[in-house]
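S.K.: Dumping the structure here so I can ask a few things about it.
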Amino acid sequence: MVNATPQEYPNFVTHLECSMNGERYEAGKLHGLSKVGRPLLVRYDLEALAKAVTKEMLAERKGGFWKYREFLPVTKTENVVELGEVMTPLISMPRLAKKLDVGTGEIIVKDEGRLPTGSFKARGLALAVAMAKELGLKHLAMPTNGNAGAAMAAYASHSGLRTTIFCPDDTPEVNVSEIELQGATVYRVNGLINDCGKIVGDGKGTAGWFDVSTLKEPYRIEGKKTMGLEIAEQMGWKLPDAIFYPTGGGTGLIGMWKAFEELEAMGWISSKRPRMIAVQATGCAPIVKAYEDGVEHAPVWQNAHTAAAGIRVPIAVGDFLILRAVRDSGGFAIAVTDEAIFAARDEVAREEGLLLCPEGAATFAAYKEALANGQVTASDKVVLYNCATGLKYPIPQVDRTLDRHQPIDYASMA
Ligand SMILES: *Cc1c(COP(=O)(O)O)cnc(C)c1O
């Protein structure tokens, strides 16, 4: 453990651990996947952490995920990279709750679109970049469906690190542009995210970059873990009944579950955990299929297609961790169609004034379906994750015009 100086925070990392077989790995060293090709999890001395930090201390700090420094692996403050992170708001949707006859329950949106670069990828990539800097890396590479690349480019440029990024050629235009503008070199690849991931892996030796693919380095999960810490703090350390999470690689779902496990071990929350609900699109639903088949791993999904690019992930290296969290929590996995996703986006925007991204809208579509078929009840307090700002996505054009030189029919506007 590093001693705390006035400017420094104590660090409680003890070691890293293979998520598959528990094998230990030394902290403070460069790591990718474990020897058996599975994600590594950071482990902490939670007893010491619980003695060093109090809920009151956290309440006094300014918002944003860096306030949870003692729960995170960065040892030196000089490696922390900040772009104006905020504690993202929980926004209740009372009008839709009424419309859906939700009695004593509540529908709450956690709006992650307010983070730097407009998505919750900021959490994971801020941590990955800070740790890359701490471990002396200079050049980072990743495959992305858009938001992860934008977040990595922004945080890496702010830290003075170089980035090379590969995205499927149908990645939303704005994502490709923002990645390049924020200092990365970005390539459009005629394939899916797993094809891009292969390029990152194959090029490592020659190009000399470090692979920051989802879960292939240990720290993005720690960044996404802050979603669980934040939601616990915001809700007075009492967790909701269910969390609907749009699941691609699953970093956030796995990270939140890890946060709850750590908080419970510290005695900060009770053993009552939310049901974790993995939401996917019917055009790419490997986790839903594995959940329904009762298996631990999800085979690659063929011909993946959905307009919700963030959850178009045909294969996930942390599949068994997602499925474990879903099953251990008494949750479930559910797929919704693109039509339902866009209908949900329009409904939430119109009724509640919240412009969700398609992936976020998928959680509302899934919630409605689950409510209708009894998988959740009208007394459940549920949190839906809106992972990015809706403004980053193509939105319907408006054709209504007005000729100011002609008489205006104000009566029709009454
Ligand atoms: C990355 C992403 C997801 C999926 O998040 P994971 O934690 O990787 O499963 C969902 N929606 C959007 C908008 C994303 O950028």
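The values are calculated or read from the model by the stated rules, or taken from the named source; none is laboratory data. Bear in mind that the values here come from a model prediction, so they are computed numbers and not experimental data. Every residue, glycine as well, gets a Cβ built from its backbone with ideal geometry; the counts of neighbours run over all protein chains shown. Ligands, DNA and RNA are stripped out before the accessible areas are found, and what is left, the full protein with its side chains, is counted by its heavy atoms. Shrake-Rupley method; radii C 1.70, N 1.55, O 1.52, S 1.80 Å.
S.K.: Do we have any residue at all in segment 249-272 that's part of a loop (DSSP other than H, G, I, E, B), polar (S, T, N, Q) and buried (at least 23 other Cβ atoms within 10 Å of the Cβ)?
M.R.: Checked segment 249-272: no residue is part of a loop (DSSP other than H, G, I, E, B), polar (S, T, N, Q) and buried (at least 23 other Cβ atoms within 10 Å of the Cβ).
S.K.: Let me ask something else about it. Every residue in segment 228-265 that is within 9 Å of the ligand (Cβ to nearest atom) and in contact with a Phe, Trp or Tyr (Cβ under 7 Å, 6 or more places away or on another chain), please. Give the derivation first.
M.R.: Of the residues in segment 228-265, the ones within 9 Å of the ligand (Cβ to nearest atom) are 245-255.
Hits for segment 228-265 are Tyr245, Pro246, Gly252, Leu253.
S.K.: State all residues of segment 220-248 that are part of a loop (DSSP other than H, G, I, E, B) and open to solvent by less than 10 Å² (accessible area, probe 1.4 Å); if no residue qualifies, say none.
M.R.: Pro240, Thr247, Gly248
S.K.: Quick check: anything in segment 294-304 within 16 Å of the ligand (Cβ to nearest atom), touching a strand residue (DSSP E or B) at 6+ places or on another chain (Cβ under 8 Å) and modelled with pLDDT under 95?
M.R.: Yes: one or more hits.
S.K.: Okay, moving on. Name the residues in segment 371-395 that are in a strand (DSSP E or B), away from the ligand (no atom under 16 Å from the Cβ) and open to solvent by less than 40 Å² (accessible area, probe 1.4 Å), would you? Step through it out loud before you land on a result.
M.R.: Residues of segment 371-395 that are in a strand (DSSP E or B), as a first pass: 381-386, 388-389.
Filter once more, keeping what is away from the ligand (no atom under 16 Å from the Cβ): 381-382.
Once the filter is applied, which keeps residues that are in a strand (DSSP E or B), away from the ligand (no atom under 16 Å from the Cβ) and open to solvent by less than 40 Å² (accessible area, probe 1.4 Å), segment 371-395 yields only Val382.
S.K.: A further question on this structure: Mind checking which helices (runs of 4 or more DSSP H) fall wholly inside segment 59-167 and carry at least 1 residues that are within 20 Å of the chain's Cα centre (by Cα)?
M.R.: Those helices (runs of 4 or more DSSP H) span 121-134, 147-159.
S.K.: Report, by residue number, each residue of segment 168-193 that is within 14 Å of the ligand (Cβ to nearest atom), assigned to a helix (DSSP H, G or I) and open to solvent by 20 Å² or more (accessible area, probe 1.4 Å).
M.R.: Result: Val174, Glu178, Ile193.
S.K.: Also, quick follow-up: Do you know which residues across segment 202-216 are open to solvent by less than 30 Å² (accessible area, probe 1.4 Å) and modelled with pLDDT of 95 or more?
M.R.: Gly203, Asp211, Val212
S.K.: Go through the residues of segment 294-307 one by one and say whether even a single one is open to solvent by 70 Å² or more (accessible area, probe 1.4 Å) and touching a residue at least 60 places away in the same chain (Cβ under 8 Å).
M.R.: no
S.K.: Also, I was wondering about something else. So, in segment 99-137, of the ones that are within 14 Å of the ligand (Cβ to nearest atom) and closer than 12 Å to Glu217 by Cβ, which residue ends up surrounded by the most Cβ atoms within 10 Å (Cβ to Cβ)?
M.R.: In this case the residue turns out to be Leu125.
S.K.: Ala340 versus (1) more than 30 Å from Gln397 (Cβ to Cβ); (2) among the hydrophobic types (A, V, I, L, M, F, W, C); (3) open to solvent by 10 Å² or more (accessible area, probe 1.4 Å): which is the lone unmet condition?
M.R.: Result: Ala340 passes all but (1).
S.K.: Which of (1) of a type outside the set (Asp, Glu); (2) part of a helix (DSSP H, G or I); (3) surrounded by fewer than 24 Cβ atoms within 10 Å (Cβ to Cβ) does Ala365 not meet, given it meets every other one?
M.R.: Of the numbered conditions (1) of a type outside the set (Asp, Glu); (2) part of a helix (DSSP H, G or I); (3) surrounded by fewer than 24 Cβ atoms within 10 Å (Cβ to Cβ), the odd one out for Ala365 is (3).
S.K.: Return the pairs, sorted by first residue and then second, in which the second residue is more than 16 Å from the ligand (Cβ to nearest atom) and of a type in the set (Phe, Trp, Tyr), the first residue lies in segment 114-141 and is more than 26 Å from Ile311 (Cα to Cα) and modelled with pLDDT of 95 or more, the beta carbons are less than 8 Å apart, and the residues are 6+ apart or on different chains.
M.R.: Cβ pairs passing all conditions: Leu137/Phe210; His139/Trp209; His139/Phe210.
S.K.: What single numbered condition from (1) in contact with a His (Cβ under 6 Å, 6 or more places away or on another chain); (2) within 16 Å of the ligand (Cβ to nearest atom); (3) open to solvent by 10 Å² or more (accessible area, probe 1.4 Å); (4) not hydroxyl-bearing (Ser, Thr, Tyr) fails to hold for Gly283?
M.R.: (3)
S.K.: Could you say which residue among Ala340, Ala335 is away from the ligand (no atom under 13 Å from the Cβ), outside any helix (DSSP H, G or I) and in contact with a helix residue (DSSP H, G or I) (Cβ under 8 Å, 6 or more places away or on another chain)?
M.R.: Residue meeting the stated conditions: Ala335.
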